[in-house]
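The values are calculated or read from the model by the stated rules, or taken from the named source; none is laboratory data. Owing to the predicted nature of the structure, the values given are computational and were not obtained by experimental measurement. Quick reminder, even Gly has a Cβ in these numbers, built from the backbone with ideal geometry, and neighbours come from all protein chains shown. We work out accessible area using only protein heavy atoms, side chains counted, and drop any ligands, DNA or RNA first. Shrake-Rupley method; radii C 1.70, N 1.55, O 1.52, S 1.80 Å.
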Amino acid sequence: MFLITCPYCGARDEHEFGYGHEAHIVRPTPAEYEQMSDAEWAQYLFMRKNPKGVHFERWVHTKGCRRWFNVARHTVTHEILAVYEMGKPAPQIDTEKK
Amino acid sequence: MKQRYSIFSLVRNALNYHADWQEAWRSPDPKPAYDVIIIGGGGHGLATAYYLAKEHGITNVAILEKGWIGGGNTGRNTTIVRSNYLWDESAHLYEHALKLWEGLSQDLNYNVMFSQRGIMNLAHTVHDMQALRRRVYAIQLNGIDSEILTPAQIKELVPMLDCSPNARYPIMGASFQRRGGTARHDAVAWGYARGADERGVDIIQNCEVTGFKIVNGTVQGVETTRGFIGAKKVGVVVAGHSGVIAGMAGFRLPLESHPLQALVSEPIKPILDTVVMSPQVHVYVSQSDKGELVLGAGIDAFNSYAQAGSPPIVENQLNALCDLFPAFSRLRMMRQWGGIVDTCPDASPIIGKTPVQNLFINCGWGTGGFKATPGSGNVFAHTIARGEPHPLAVPFALERFTTGYLIDEHGAAGVAH
Ligand SMILES: Cc1cc2nc3c(=O)[nH]c(=O)nc-3n(C[C@H](O)[C@H](O)[C@H](O)COP(=O)(O)OP(=O)(O)OC[C@H]3O[C@@H](n4cnc5c(N)ncnc54)[C@H](O)[C@@H]3O)c2cc1C
Ligand SMILES: [Zn+2]
C-alpha cells in the first residue's frame, strides 16, 4: 500500500484512487488514422511498455476531488518519483539510480 | 533411467530412512548450444520441454530458470483447475489441458495430487443467473461437463455456506463443473522436471536470460548470467516477465504485469470438499489436503513487479469470505504472498510466433494459467517443434490484436482463476 500525493488534495491513501494505466499514449488524429495500418492500430490500442522500473501512469482521485493526474512510479519499489498534471510531458528521471 | 515411484519404492526407501532416493533431476552446466532453449522454469516451460522430448523427439533442450523451478506463479497459485470457459477457442484449449490432467500422474509417474473435487461458481443476482445459464449452456454445447445447481443442492454440497435468503448477498444458484478441482502445484513442476530430465533435457537453475543474439531478424541464442548459449529455437514462458523479455528482443506485447495474491488459514478439520467461487462477492476458497483454507481474489489494479499484494485486497476478500461462510470468521490466516501475473486485454493467453524468427512466446495466462499447464506445454511444444502453431493454438496468436479477433474471456476470468 502506498500514499499518493494528489496535486489538488495532498497525500492520501492508495485506495482513494483509481488507476488509469500507461500515460502519454497519444490518440492518432483523424487524418492520421485514415493512413494507419491495422498493425499500427494494434500498437496504439493494445501494446504497452509495462516496464520493470519507472512507469509513467495515470491516476484519478476517485474518492476525493475526482481529478486525473500523472504519476511516475517505480514498479518494483512502488516509490513515487513524480506527480504532474495531465497534459504535461513526462519528467526526466534518472532511471539508472533507481 | 529413473527409478519408478510406487508403493513398493516408498516402503523400500522408508526402510533405509529415505537416504537412498535417486535425484529427481540433474543440475548440469549449460552446453555451448542447444536445439531449443526454453526461458522460464515454471510449469508451462517444464511441460513444454517434457512434450518436446516425449512427443517430438527433440531432446537437445535446455530450460533456463533465473531462480528455482516452480518458484514463480507455478508455486504461488491457488491451483484451481477447470475447463468451463465460454468461447469455443478457450473451451477446446482448456479441455485439452483437463484431459491431460486426468492422466498426468500416471503419465509422469509422479503424483500431482489431481483432485476432481468439483468447482462451484455462485450467482447472487438475477443478472448473475442469466450470465451463468448462458455460460453453462455454451459449455455443454462444447461437450464439456457443466451443470446448474439450485440453492438447495448447493447447501447439500457445502453445508457451511450461508444460503439463507437473508444473507447480505443471497445465493440464487451456481454453476458446477464436477471434473474441475485442484492439484499440487509444486508436484506439477517437479513431475515435469523429472520427466524432461529423464529424456535428456538440461534444467539449468540460477541462470537469468539478460539478452538475445538476433541476426537478420532470426534468434541465434541468449545472453545469460552464465554466459552466451546458442540455440536454433527459443521459447519464452516467463509469465509476469514476458514484457521484459520481449523488450530484450525488440518488440512489445499487449500485457500488463500485476500482483495477484493468495492467503492460507491455519489447518482445520475437513470442512469443504469442493472449490467455491463468488465472482460478485469476490473471493474463492478451497481446502488443502493439510486442512488449510486456500483463498484468493483479484489483482492489484496497478502495474507492479514487487511480488507482494496490497492490504486492501486482503481486507476485501476476507470480508467476502466471512459473508459467505460466517463460521470462518473465527479462523486465523497463516501466510500471505503474491505473484506477478501477465494480464492480457481479452483475458486469454498468447501462444505462437513473434516478430523474431525462431523465437516463440507463450504468455498472457494472467490469473488463470495453472489449470492450463499440461495443455499449454503440449500445444507450445508442437508449435516450437513444427514452427507452426498447434491447431488449438492458432486463435491465440499475437496477430489477433491486429486482426481484432479477440477471445474475450473476462467473464470467465476476473475472480474465477
Ligand atoms: C496468487 C495466484 C493465484 C493463482 N491462482 C490460480 C488458480 O487457482 N488457477 C489457475 O489456473 N491459475 C492461477 N494462477 C495463475 C497461474 O499461477 C499462472 O498462470 C501459471 O502458473 C503460469 O505458469 P508459468 O509456468 O507460465 O509461469 P511461472 O511459474 O511464473 O514461471 C515463469 C518462470 O520464468 C522465470 N523467469 C522470468 N524471467 C526470466 C529470465 N529473464 N530468465 C530466466 N527465467 C526467467 C521466473 O523465475 C519463473 O520461474 C494464480 C497466480 C497467482 C499469482
Ligand atoms: Zn484530489
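What to note about this one:
- All positions within region B:220-233 that are within 11 Å of ligand 1 (Cβ to nearest atom) and open to solvent by less than 10 Å² (accessible area, probe 1.4 Å): B:V222
- Residue under evaluation B:L260, criteria (1) more than 14 Å from chain A (Cβ to nearest Cβ); (2) farther than 30 Å from B:F114 by Cα, criterion not met: (2)
- For region B:316-337, the tally of residues that are touching a helix residue (DSSP H, G or I) at 6+ places or on another chain (Cβ under 9 Å) and within 14 Å of another protein chain (Cβ to nearest Cβ) stands at 1.
- The one condition in (1) β-branched (V, I, T); (2) in contact with a Phe, Trp or Tyr (Cβ under 6 Å, 6 or more places away or on another chain); (3) more than 22 Å from B:A183 (Cβ to Cβ) that B:T59 fails to fulfil: (2)
- Some residue of region A:53-66 being facing another protein chain (nearest Cβ under 9 Å) and more than 11 Å from the chain's Cα centre (by Cα): yes
- Here the strands (runs of 3 or more DSSP E) wholly within region B:243-362 that include at least 2 residues being touching a Ser or Thr at 6+ places or on another chain (Cβ under 6 Å) and surrounded by 20 or more Cβ atoms within 10 Å (Cβ to Cβ) are B:256-265, B:293-299, B:333-343.
- Residue within region B:5-23 that is of a type in the set (A, V, I, L, M), buried (at least 19 other Cβ atoms within 10 Å of the Cβ) and more than 15 Å from B:Y192 (Cβ to Cβ) present: no
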